[in-house]
Structures are given as structure tokens and as C-alpha cells.
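Peer 1: I have a structure I would like to understand better, so I am pasting it below and will then ask my questions one at a time.
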Amino acid sequence: MNATVSIAEGGHAPVAAPHPTHKFALLLRREFWEHKGGFLWSPVIAGGISLLLTAMAGIAGEVMLGRAPASKGIDLNGTHMSINGLDLGMLTSKMSPEDMRQFGGAVDASLLASSLWPFIAMTFVVFFYCLGALYDERKDRSVLFWKSLPLSDRDTVLSKVASAVVVAPLIATAAALLTMFGFLLIASGLVMMHGGSPMQLLWGPGSPLTIAVQFVAAIPVYALWALPTVGWLLLCSAWARSKPFLWALMIPAFAGIFVSWFDIMQVFNLESTWFWKNIVARLLLGTVPGSWFNVAHFDHIDADGPQVISQVVNLQSMYSVLLTPQLWLGVLAGAAMIVAAIRLRRWRDEG
């Protein structure tokens with residue numbers, strides 16, 4: 001009743017506090033817009049460069065084919081075909097089912113190679129984003145402004161973690177898929193110029209949709225596997241008074257050198273390479289997509305050449321990483337370092 005009278009007399013209704021998820025979404029949006037060049041444009045430009053090089057290679061190939069003498073050609077199943085004026089439709093009709101299977105593996109290998117550029121860009125973007133995420137805001141004193149807002153250190157740091165392990169991979173995956181299908185369109189145009197059927201020679205033997213599903217499905221594995229590196233870089237970013245890159249690099253590297261020099265791992269009946277692979281590499285290389293393959297479980301590989309890719313890059317081998325202690329111990333270590341970074345941000349605000 002009093003609230004009704006107050007509003008009627010010109011008062012204001014109480015404003016509900018924003019929901020925590022709304023605050024977190026705003027923090028994610030802030031991180032994206034402040035680092036849009038790295039998160040969005042870097043993988044997009046990298047994919048565009050990949051497509052440009054593909055188109056240039058296609059043009060160069062056409063010029064070379066046009067200049068090839070008619071006497072030069074290829075032999076397939078006893079049939080000689082000239083390179084100059086090559087008819088891919090006729091070439092396809094001469095290929096056996098085994099040839100088509102091998103060719104499909106080559107197509108998949110080409111699709112993966114064409115789509116790697118956005119992921120390579122993402123690797124560097126995430127690494128240096130985490131290094132500067134907490135250091136830069138202390139350096140330019142903007143941390144004082146953000147701490148004056150009703151935003152907790154926990155939510156702020158976690159928004160940076162989510163940006164590194166979820167937002168950046170999602171954008172890079174979208175850019176990689178656009179690059180892959182752009183590569184397919186360019187290749188399809190070249191195939192049609194030589195009388196071939198793109199559906200019969202590229203889209204059918206290859207597995208672009210399967211590869212696309214695998215890229216999307218890899219995001220949760222990437223997010224978990226990258227946590228130790230993200231946690232370590234954020235911890236260095238929150239702790240270092242200057243040059244966080246050198247601290248982040250030198251501490252694991254010198255620890256590895258020290259362990260190797262004095263054979264400390266021999267105490268645990270382990271080689272020094274174990275320390276480099278499970279400690280140093282996990283702290284520094286976790287943002288590299290696919291760096292988990294060394295602990296994945298693979299079924300017996302009975303193929304060779306390009307066909308190996310379809311047996312190595314698949315959902316079963318990818319998600320087998322979730323059953324390994326290396327991943328979950330890394331998750332625990334990464335979570336501990338993230339908690340330490342939150343506490344350091346709370347008390348360390350010097351420039």
C-alpha cells in the first residue's frame with residue numbers, strides 16, 4: 001500500500017538488481033568488443049589469406065597446365081590422358097573404388113589443411129590475450145574504474161577465462177568452417193572447368209559435413225585441455241609487475257632445464273621428458289588445438305597415406321581424452337591457478 005502511494009505521489013518503483021547471468025553476459029560482451037580485432041578479425045583474415053592463396057595456386061596451376069605439351073600426361077588403368085586439356089570426368093570414370101577411397105582421404109586432408117589458418121591465429125590470440133588480460137588493466141589503471149563498478153573479481157576473471165576457452169574457439173571454428181567451404185567452392189569451380197562433377201569428385205568422396213561436426217564437437221575438449229595454460233597465463237598476468245611474457249615463459253622453461261640437469265624425475269622412476277611433456281607443455285602449449293592427441297586413444301590404424309586422417313581425427317579418439325587423468329589433473333591445476341589469479345586481482349592494483 002505504501003509503495004502504491006509513493007509511486008502515485010511521484011516516487012519511483014524499486015529497481016530490481018540485475019541477475020548474475022546478465023552481469024556475466026555483459027562482461028563477455030565487454031571482452032569481445034575490447035578485443036574484437038583478435039577474437040573476430042584475426043581468424044577471419046587468416047581464413048581469407050588461406051582462400052586467397054588457394055585461388056592464386058589454382059590460377060597458377062591452370063597457367064601451368066595450359067603451357068604443358070600435349071605429349072605429357074598420366075596413365076591410369078592402361079589409359080593415357082594428356083595433362084593439357086585434362087578431362088576430369090573421363091579421369092573419374094577410370095578410377096576404381098579403392099582409388100576413389102584414397103582420393104576421398106586426400107580431399108579430407110586438403111579440407112583440414114585449408115581450415116587450419118583460423119585455428120593458428122586463434123592459438124596466438126588466446127595466448128597473448130590471457131597474458132595481458134589482467135596485466136594491461138593494471139598498467140593503464142583501468143582496473144580502478146572496473147573495481148568501482150558492482151562487478152566481482154571472480155566474475156571478471158571468469159569472463160576472461162570463458163572468452164579464452166569458449167568465445168574465441170567458437171569464432172575461430174566458424175571462420176575455419178567458412179574457409180573450408182570456401183576452399184571447396186574454389187576447388188569445385190576448377191573441377192567444373194575441366195569437365196568434372198564436384199559432387200562426384202569432391203563433395204562425395206570427401207567428408208566436409210563430418211569434419212564440420214568434429215570441429216564443433218572439439219570445442220568442449222579444447223576448453224578443458226586449455227585450462228592449465230589459461231590459468232597459468234592469467235596468474236602471470238595478475239602477478240607480474242612487468243614483462244609477463246618473459247615470466248610466463250622462463251619459469252616453466254628454467255624449471256624443465258633444472259629438472260633435466262639434475263635428473264630429478266629419476267626419484268619417481270620417470271624420464272625428464274615426462275616433466276617437459278606434462279608440466280612445461282601443458283603450461284605453455286594448451287591453447288594449441290589438437291595438442292591433446294598425444295594422450296588420446298586410437299583404434300588400430302590399418303590405413304596409410306591420407307586415409308589415416310579419418311581414423312585419427314574422429315569423435316571417438318577426441319572424446320577418449322576425457323577419460324585420461326592428464327586432462328582432469330590439468331583441469332584441477334588450471335582451476336587452482338585461476339582462483340589464485342582472482343585473489344591477486346583483488347589485492348594487486350598497482351600500475
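Bear in mind that the values in this text are calculations on the coordinates, not laboratory data. Values in this document were obtained by computation on a predicted structure and should not be read as measured data. With ideal geometry, Cβ positions are generated from the backbone for all residues, glycine too; neighbour counts draw on all protein chains shown.
Peer 1: Could you pull out every residue, at least 5 positions away or on a different chain, whose amide H is within less than 5 Å of the one on SER207? Hs are placed 1.01 Å off N in the peptide plane, and Pro or chain starts have none.
Peer 2: It is ASP108, by chain and number.
Peer 1: For LYS23, LYS36, what ranking results if the residue with the fewest other Cβ atoms within 10 Å of its Cβ goes first?
Peer 2: Going from sparsest to densest Cβ surroundings: LYS36, LYS23.
Peer 1: Report the FRET efficiency, 1/(1 + (r/R0)^6), for LEU185 and TRP347, where r is their Cβ-Cβ distance and R0 is 51 Å, rounded to 0.05.
Peer 2: The value I calculate is 0.40.
Peer 1: In nm, to one decimal, how far is the modelled label at ALA55 from the one at TRP261, with both set 7 Å along Cα→Cβ?
Peer 2: The modelled label-to-label distance comes out at 5.4 nm.
Peer 1: Rounded to the nearest 0.05, what FRET efficiency is calculated for LEU270 and GLN214 with R0 set to 45 Å and r the Cβ-Cβ distance?
Peer 2: Once rounded, the FRET efficiency stands at 0.85.
Peer 1: Would you mind calculating the gained length between LEU246 and ARG154 on full extension (0.36 nm times residue separation, minus the Cα-Cα distance), in nm to one decimal?
Peer 2: Result: 30.5 nm gained on full extension.
Peer 1: Between SER317 and ASP136, what is the label-to-label distance in nm when each label sits 7 Å out along the Cα-to-Cβ direction?
Peer 2: Output for this residue pair reads 3.6 nm.
Peer 1: If you take every residue apart from THR324 with its C-beta less than 15 Å away from the C-beta of THR324, what net charge results, scoring Lys and Arg +1 and Asp and Glu -1?
Peer 2: Surrounding charge for THR324 is +2.
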